[in-house]
Structures are given as C-alpha cells and as structure tokens.
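> Take this structure first; my questions come after.
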Amino acid sequence: MNLKQLVLGGAVATLLAACASTKPAEAPAAPVTPAPQSQAPVTAPSTEGNVAMDPLNDPNSPLAKRSVYFAFDSSAVDGEGKAVVANHSDYLKGHDKKVIIQGNTDSRGSREYNLALGQRRAESVKHAMEVLGVKDSQLEAVSFGKEKPKASGSSDTDYAENRRADIVYQGQ
C-alpha cells in the first residue's frame, strides 16, 4: 500500500463515520391548543345598499297598505283611500306589473246587491288609478261581494273592515 491509498482509505472511513450518526430522540410534540377565538358572530357579507328592496315586500313601505275602505253603501274613494290609491298608482306607473282590484262588502244586503256594490268599489279604485296615469292594461276589477270577509263578526267594526277594495299584485 502506498501512502496515497492509505490517505484515501482514511478519508473514506472518516466520511463514512461522519455520515453514520444516530437520530436524535424526537422531542414529544407539544399539545396543540387552539388559539382563543373571539365569540363575535360570523356574518355574511352585507348586500345592504347593493340591492334595492322592492317596496312591495317592505312592511314599512306605504305600499304595504293594500286595502281601500268605504263608508256604508258607498263606492266613493275618499280620505285615507286616496293616499293608498296614489301610492300604488305611482308604483305601477314605474313598473310593468298588474293588479287585481277585489271589491268586497259587508254581509248585509242580498248576494246580488253586494256583488254589484263590490264591483262598483273595485271599478271606483280602478278609475282613480287610471286618472292618476296607470295603464288600463295593468288593472283588473272584480267583485267578491260578501264572499271574502276579513272580519267574521257582526259588529260595526267588523262590517267596516269588510267594506273594502283590496289591491292584489299578480305573482304575489
């Protein structure tokens, strides 16, 4: 053996000895505890302000009132009924929607008389809306007479509740 082979053999032995190391013992893993989280509720991104709510679905809108009330044996729109008609007329002029105006009466009177009175009430509301600029094609007037009462009693308050024309939007 010459010196060169002896040095080379020693270097290989040293390298092999250096690579042959033992693995250090793994430290036990520390228990993972979740970071404390605040209890603030998670909310979906707000779309308020991005999407305008249809006033027909807003209970605080003037359009939430959809009944026009009448005095006994009358089909004249007056008082608060004019405001209801005006609010719905303004909405209908700006939207391509249709309404059915349903005339109703209290239970006094014959069936035939109440059907005719209910029709006059519905036609009265329809005419008032047309005067305010709503297209005839958006309006339909029908009578239910005394067949669809809101109140079922026989007091003056119950009768007054049933003397009305309801504005019903198609599709709702």
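The values are calculated or read from the model by the stated rules, or taken from the named source; none is laboratory data. Predicted model only: the values in this text are computed from it and were never measured. Please note: Cβ atoms are built from the backbone with ideal geometry, for glycine as well, and neighbour counts cover all protein chains shown. Note: accessible area is taken over every heavy atom of the protein model, side chains too, but ligands, DNA and RNA are not part of it. Shrake-Rupley method; radii C 1.70, N 1.55, O 1.52, S 1.80 Å.
> Sort out which residues of the range 98-136 are farther than 22 Å from Ala160 by Cβ and in contact with a helix residue (DSSP H, G or I) (Cβ under 7 Å, 6 or more places away or on another chain), and write them in order of number.
Answer for the range 98-136, where residues must be farther than 22 Å from Ala160 by Cβ and in contact with a helix residue (DSSP H, G or I) (Cβ under 7 Å, 6 or more places away or on another chain): Lys98, Val99, Met129, Glu130, Leu132, Gly133, Val134, Asp136.
> Looking only at residues that are β-branched (Val, Ile, Thr) and not in a loop (DSSP other than H, G, I, E, B) in the range 69-98, which one is surrounded by the fewest Cβ atoms within 10 Å (Cβ to Cβ)?
Ranking the candidates gives Val84 first.
> So for the range 128-139 (the condition being under 16 Å from Ala86 (Cα atoms), among the basic types (Lys, Arg) and open to solvent by 60 Å² or more (accessible area, probe 1.4 Å)), does at least one residue qualify?
Yes, because at least one residue in the range 128-139 is under 16 Å from Ala86 (Cα atoms), among the basic types (Lys, Arg) and open to solvent by 60 Å² or more (accessible area, probe 1.4 Å).
> Now, a different point. Restricting to the range 59-68, and then to whatever is in contact (Cβ under 8 Å) with a residue 60 or more places away in the chain and over 15 Å from His127 (Cβ atoms), can you tell me which residue is surrounded by the fewest Cβ atoms within 10 Å (Cβ to Cβ)?
Ser67
> Here is a further query. Is it the case that the range 141-148 has a residue that's more than 24 Å from Asp54 (Cβ to Cβ), within 27 Å of the chain's Cα centre (by Cα) and assigned to a loop (DSSP other than H, G, I, E, B)?
Yes.
> Something else about it: With respect to Ala165, is the statement that it is open to solvent by 30 Å² or more (accessible area, probe 1.4 Å) and either not in a strand (DSSP E or B) or not basic (Lys, Arg) (or both) true?
Against the criterion (open to solvent by 30 Å² or more (accessible area, probe 1.4 Å) and either not in a strand (DSSP E or B) or not basic (Lys, Arg) (or both)), Ala165 does not qualify.
> So which residues in the range 149-160 are outside any helix (DSSP H, G or I) and free of Cβ contacts under 8 Å to residues at least 12 places away in the same chain, if there are any at all?
Ala151, Ser152, Gly153, Ser155
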